[in-house]
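The values are calculated or read from the model by the stated rules, or taken from the named source; none is laboratory data. Quick caveat, the model's predicted, so the values are computed rather than measured. Protein only, heavy atoms only, side chains kept; ligands, DNA and RNA dropped before computing areas. Shrake-Rupley method; radii C 1.70, N 1.55, O 1.52, S 1.80 Å.
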Amino acid sequence: MTTPATRSGTGQPAELFFEDLVPGLTVDLGVVTVDGDEMVAFARRFDPQWYHVDTDLAGESRHGGLIASGFYTVSLFMRAYVDHLLSRAAADASPGLEELRWLAPVRAGDRLAVRVDVMGARPSTARPGLGTVSLTGTMLRLGPDDRPEQEVLRTRFRGWFAARPTEAEPAGSAEPAGPAEPAGPAEPAEPAGTADPPEADLSEADRPDHGPTGADQPASDPAETDPAETRPAETSPDRPEQPEGGPAKAEPHD
């Protein structure tokens with residue numbers, strides 16, 4: 001039975017995983033033709049500003065006619081992203097956008113070429129089995145000869161993708177167990193408060209501009225200091241001890 005972790009964004013078995021989305025990869029998301037009726041219906045429902053819905057006013061304005069709501073345009077991008085990538089990839093969710101720009105007006109009948117570029121990828125530190133992928137999406141208006149004329153949309157965002165599952169060892173492949181060794185003395189239980197922090201405490205690791213993790217502690221952290229560096233100096237047999245509370249005598253250095 002296929003587990004949810006290996007399903008694509010549309011629920012089908014996944015064929016692309018985190019390991020396949022390497023920096024430098026470009027995925028063609030096809031060409032979208034803007035439907036004028038759908039464009040206006042979207043604006044009337046979600047963004048009813050006059051230059052999106054009023055043909056007369058828009059025609060008399062600097063726009064020269066109706067232009068698409070920017071959110072309609074990014075919805076076209078999202079549909080292409082789902083159809084051509086997320087439907088094949090082991091997509092989990094997205095922590096959000098870093099950038100969304102509408103660079104030129106979009107009109108009914110425009111043909112928009114859509115693509116996504118992988119900018120970076122790293123394993124998730126807070127969610128084992130997932131990787132964080134940084135992506136840039138673009139839409140470019142095509143001319144009559146199908147050559148790009150103008151970029152109309154650019155967005156930068158991140159997505160979580162499941163790592164490729166590892167195959168379990170077949171049953172019976174384990175080495176036979178040897179004779180049992182005599183049990184040794186039980187180890188003392190760890191004192192309270194030494195358990196690892198709950199995973200929820202690590203959720204900040206997947207947010208942009210997060211601070212250093214435990215592995216990045218500076219050498220001056222008391223937890224990383226060599227005990228020998230904090231041990232009081234032993235009294236030399238050739239020198240009298242300093243009286244308690246008195247000033248320390250400076251030692252010459254090489």
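Tell me the per residue accessible area of the stretch 85-169 using a 1.4 Å probe; a whole number in Å² is fine.
It amounts to 51 Å² per residue over the stretch 85-169.
Which percent of the accessible area of the stretch 90-140 is formed by carbon and sulfur heavy atoms (probe 1.4 angstrom)?
About 54 percent, which is the carbon plus sulfur part of the accessible surface.
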